[in-house]
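All remarks here apply to the structure that follows.
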Amino acid sequence: MAERSFAKEVETLNLGLGDEFKGEGILAVTKALLQSGVSYVGGYQGAPISHLMDVLADAEDILLGLGIHFEASASEAAAAAMLAASVNYPLRGAVTWKSTVGTNVASDALASVSSSGVMGGALIIVGEDYGEGSSIMQERSHAFAMKSQMWLLDPRPNLTSITDMVEKGFELSEASSTPVMLELRIRACHVHGSFKTKDNVRPSFKLRDAMENPVRDYDRVVLPPSNFVHEKEKVEQRWPAAIEFIRSHKLNEFFGGHVAQHGIIVQGGLYNTLMRALAILGLADHYGETDIPIYCLNVTYPLLSDEVAGFCIDKKSILIVEEGQPEYLEQAICTILRREDISTKVHGKDMLPMAGEYTGQVVCEGLRKFFTQHAPDLIKTTAVSTFSLPEDSQQVLIDTVPNRPSGFCTGCPERPIFTAMKLVQRQLGNIHVSCDIGCHLFSILPPFNIGNTTMGYGLGWSGASAFNTETSQRTISIMGDGGFWHNGLTSGVGNAVFNKNDNILVIVDNGYSAATGGQDILSSRAENSKKSTKNPISKAIAGLGIKWQRTVVTYDIGAMMRTLTEAMTTGEKGPKVIIAESECMLNRERREKPIRNKRIADGKRVVRSRFGVDSDTCTGDHACIRLSGCPSLTIKDNPDPLREDPVAYVNNDCVGCGVCGEVSHAAVLCPSFYRADLIYNPTLRDRLFSKFRNLVIRSLQRRVDKKHANYSFGDM
Amino acid sequence: MANLSTDKPINIAIIAMGGQGGGVLSKWILDLADSQGYIAQYTSVPGVAQRTGATIYYIELFPAHLAEQAGKKPILALTPVPGDVDIVIASEMIEAGRALIRGFVSRHTNFIASNHRDYAISEKQEMGDGRQSVDEIQRLAEETAGEFICFDMDAAARSVGSVISSVLFGALAGSAALPFKRADFEATIAATNKAVQSNLKGFQLGFDAARQKQVAKADLDDTTEPRQKHADAVSKLLIRMENDFPPHAHYFIREGLKKLVDFQGIGYADLYLDRLTRVYAADKLSGGESKKWQLTNETARYLALAMAYDDIVRIADLKTRSDRFDRFRSEVKADAGQIVDVSEFMHPRLEEIAEILPARLGKFALSSPAIRKVSGFLFSKGRRVSTTKLGGFLLLHSIGRMSWLRKHSLRFSRETQRIESWLIAIDTAAQEDYSLAVEMAGLQRLIKGYGDTHARGLSNYSRIMDVCASAKETGNAAEIIARLKAAALKDEEGVTFAGELNALNFNSL
């Protein structure tokens, strides 16, 4: 079960002609897919498109009713390869993932399907994880569209434009026999808005029709000589067909005044940001009225030479608002103008930053530069400046406000693995640690500071494969269960077995693809009626030939330390795998908290554990925090007026995972930690025992209290 | 020329930590605006940022009737622009600072912030006190925002068993920054059918506080607790304190006496005063009066902590006290009468046992391989002791009564030795460099914790004490010691400390 249930939202997928859909952008895209008559959908979860996958998973019944096959693909490569179904048959299909990382993984299959060309519309929905909040390297999906020749749609970020572009995308794909990428920026994926819906469409040609009547066409296979023909087709047939479709369907839009000396060319996805910046400068209103001519590229690849030339020909200068680098659009537009011998001055990355997200403020500054240079009268009277604090105040704040990096959740089972590693490093010296993608990557941040590199999803172990030589200090690689099934099984474990690696892999088996939203995977322990789960990792790696493997419950820090130490020091040669298992606490609490509360309400006996720190034995050294980093383990003023340093303190978010107690044992820290078991609906036995104990304990305590009273300083 | 309309959206930015209510609050604002005829657009950046990191939720509201009159759809932005945000809501005080840095708060901004602290890992992990002061944030927020509503919304929420979003929502209603009525806000909460009662209570607290423009500090009770008459047994100590020491130092001395009487009895507290008398004499000689008796004060504080060191007797005693039992019940929020079982995480080693034994026996135990072997077997694992069960309680209770062992114990003799040489060093330093002596008195702060932590602190302390002697010639010894102390509290690997020693050219020592 995923982190978020969309059981309620799924109902909006049934909306019909003329109804109003209200909700998140990525759900609107899902609805648009159904309205477009898709036959199959696949993809791999990851922000910002996880919700699309989660919704589809929750909507399986609706999909079945429409004859749609939905697959939670093993990887983006698997999803991209799914598009092969559209090569020979008039089947519409859509796949989705986080870009550019997912597109990297998928690019092998994408290149092939782009070469073959498609008969049914093939849409690739990429969630562009760029700018604030992004967790990946900053690159553009644009390059993939260009290299494999797929068309790239970048619609204006409102639900009507986005959903319209989904439908147009399929048509464009079919008209030009080319897969189409629909790029959605992270905030557009999560934007809440509304659009008018249409009826869902059942595909007339079904998957079954294709399977029962297979069509073979040698021309569509990527093999000589077809592959050479494909390349010719791309430029001679598919490109012109696409250009014609884009022009005749007016996929790009013109806004603002039509006669002016200075214009703006903008990526569709940045249109709202541009308009806000113009409004702040007093050059537009909030309905989009403006005198400035704007050419809005809802299709950023390919460009229409004549549209570009036509827009520029009567202008002295234009500004291109294009996010990310390299500046592909700017280069292409310059080429077009040069060929047409149009001397319009082109601005873009000279006035806007080459790198980084184009926020309202950034675009505002760029526009100001542009107009100040070319039309100073335009903004002189109306422009208000965006706001910023005086420099000295700003500096004071920067010095005061600490970063707040992401970290392991309260009770996270991955934290103790890194606690154990930190403690083992104290004994064995520092260890080279190769990281992977997943929550466990937070280990590189304080307080653990463990990890050297991260090469990609499932690539943790291969990221250390060079270090396979005679040495006294082995390396440790980390891989999540998500990464393991994504490709780590072969590129990591298989690779290590085959190359006789002598190092260590720790597989973090928390039962879900946790970082992407808690989706089930092959080794999930959860019951899932629609997928095959409970396929243990231990069996898989044994099958691959791993002889040294141990399974450790992550919360047992002592056992984890012993196992790590054994793996680091054993004389046994060969690859060593430690499966560190415990369920993701976020998912576990989500499942168990309601059950627990219900049991309490029903009068059943329930024991709830949580941890605490005794403030009068805590000396305020915070070693426990440096070894744990749990959000619920925090600090507060020292109640002892003599001591200056704050004491550790467990706040009420504690879920009682026990890591802090384990830490204080394993690290021989301090006796301040205690576990409190709160008993709800105690049995008669509980009550009698407790009464008797309290009688004895209280009487002994009273004696001590009396003695203390004799030496009281009179404080309350 | 196009005729530009002046219709504009209301822009709201919520700055919060992922997973701590920003999403719920946004949803309420969205539902509310929707019910009141506004076009509402909302964006956020979920994903890994959600895992406890700082994140921004952004909402724009546009009056639907204006759009209808205009016959057009408004274009709403997906990110806040500095200077263009009407309402900024920060769920915590450092996040309020972040909102200021980002420039979201300007003269026409209604700024609503909770001034409680949720410490960042960089603040928590320091060995000393890494907490940032938020006074500057408070000052700049007041200076910059059009309207600044700030109080402890977390405490308010907890007081009614609600979550901070409800108090923030109430404060938003109370601020009158949105053109909606209170009842509409409340109806929005009611319509969710989730924890409606407690959320409405939280809402009410937020609403009232915002209406009264209360600054949170006002409702903290600053009044000191009334004091009862002290017991006769300690009057001699207090009289001695009042007669022999300046009032400036009374606060810490009194706390020190309290701690030491509790630790070992009247006689031990007397010893404390004896020792302190010597320091006070040196203080007087060095013109301490003009310096508000800093040396006496600092020594009063840290001498008490040094003398009341933590041994197993002390821990066992503290763990079994009645006020401790009351405290853990309230900390874990046990209901009245609820059964709470408590287990302590103890990890006694041979060292901790030996140090409480008579000095010679203790030394023998530590040096005997046989005993070490047996103890390794006995103490290699951490122990959980249940203090709410009879076995555990009686064990700790009886260990807690063994303070009579202390006076002749190995630890006692070691501590006595260290304290005496520390005091002599302070005394000597005071004659030449007053501020150096004060810094040396404060070095005791480094010695804390148990096991390795204690050993590391002690070694840093000794290192700096060594530096003191040679630092005297530099002329700014006090500053050097202060820098080294701060560095020693920075990281446990000693990287900063080693770096500072290097920078100051004391590494050869």
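A few notes on this one:
- Length added when fully stretched, B:VAL196-B:GLU479, from 0.36 nm per residue minus Cα-Cα: 96.2 nm
- Sites B:ALA336 and A:ARG591 - FRET efficiency at Förster radius 41 Å, r taken between beta-carbons, to 0.05: 0.85
- Among the residues of B:326-333, the average count of other protein chain beta-carbon atoms within 10 Å of the residue beta-carbon is 5.
- Candidates A:ASN272, A:SER226, A:SER99 compared by Cα position along the dipole of chain A: farthest toward the positive end lies A:SER99, with charges placed on Cβ.
- Total charge dipole magnitude, the stretch A:574-716, about the Cα centre, Cβ charges on Lys, Arg, Asp, Glu only, Debye to nearest 20: 1080 debye
- Computed from Cα positions, the angle between helix B:266-285 and the longest principal axis of chain B comes to roughly 80 degrees.
- Mean separation of Cα contacts under 8 Å, 6 or more apart, over the residue count of the stretch A:519-644: relative contact order %: 15 percent
- On full extension, the segment bounded by A:ALA7 and A:THR490 gains 170.3 nm, given 0.36 nm per residue less the C-alpha separation.
- Mean separation of Cα contacts under 8 Å (6+ apart) over length of chain A, as relative contact order %: 10 percent
- Prolate/oblate/rounded call for the protein assembly as shown, Cα gyration tensor, a/c under 1.5 rounded: prolate
- Using a simple spin-label model with pseudo-atoms 7 Å out from Cα toward Cβ, A:VAL221 and A:GLU171 lie 3.6 nm apart.
- Average accessible area per residue (Å²) across the protein assembly as shown - probe 1.4 Å, nucleic acids and ligands excluded: 40 Å²
- Rounded to 5, percent antiparallel among DSSP beta bridges of the protein assembly as shown: 40 percent
- Within the accessible area of the stretch A:1-119 (1.4 Å probe), percent carbon and sulfur: 56 percent
- The alpha carbon gyration tensor of the stretch B:106-255 gives principal lengths a ≥ b ≥ c with a/c of 1.5 or higher and a/b greater than b/c, which makes the shape prolate.
- Each Lys and Arg adds +1 at its Cβ and each Asp and Glu adds -1 at its Cβ; summed about the Cα centre, chain A shows a dipole of about 2980 debye.
- Using the Cβ-Cβ distance between A:ASP341 and A:LEU64 with R0 set to 56 Å, the FRET efficiency works out to roughly 0.45.
- Per-residue [θ]222 nm for chain A (sum of -39500 (n - 2.57) over DSSP H runs n ≥ 4, rounded to 500): -11000 deg cm²/dmol
- Estimated FRET transfer efficiency (B:GLU432, A:GLU391; beta-carbon r; R0 60 Å; 0.05): 0.90
- Relative contact order computed over chain B (Cα-Cα under 8 Å; 6+ residues apart), in percent: 9 percent
- Global form of the stretch B:246-294, assessed from the alpha-carbon gyration tensor, a/c cut-off 1.5: oblate
- Within 10 Å of the Cβ of each residue in A:674-685, the mean number of Cβ atoms contributed by other protein chains is 5.
- Degrees separating the helix A:239-248 axis from the principal Cα axis of chain A, which is the longest one: 90 degrees
- Theoretical gain in end-to-end length, A:LYS539 to A:VAL201 [0.36 nm per residue, Cα-Cα removed]: 117.4 nm
- Chain B against chain A buries an accessible area of about 12300 Å², both chains summed, 1.4 Å probe radius.
- With each label modelled as a point 7 angstrom along the Cα→C-beta vector, the A:THR569-B:ASN505 pair spans 4.4 nm.
- Between B:GLN212 and B:SER470, the modelled label-to-label distance comes to 6.1 nm, taking each label 7 Å out from Cα in the direction of the beta carbon.
- 0 to 90° range, to nearest 10: angle between helix B:322-331 axis and chain B longest Cα axis: 20 degrees
- When nucleic acids and ligands are ignored and a 1.4 Å probe is applied, B:LYS389 ends up with an accessible area of around 80 Å².
The values are calculated or read from the model by the stated rules, or taken from the named source; none is laboratory data. Every value quoted in this text rests on a predicted model; they were computed, and no experiment measured them. As a convention, Cβ positions derive from the backbone with ideal geometry for all residues, glycine included, and neighbour counts pool all protein chains shown. The accessibility values were calculated without ligands, DNA or RNA, using every heavy atom of the protein model including side chains. Shrake-Rupley method; radii C 1.70, N 1.55, O 1.52, S 1.80 Å.
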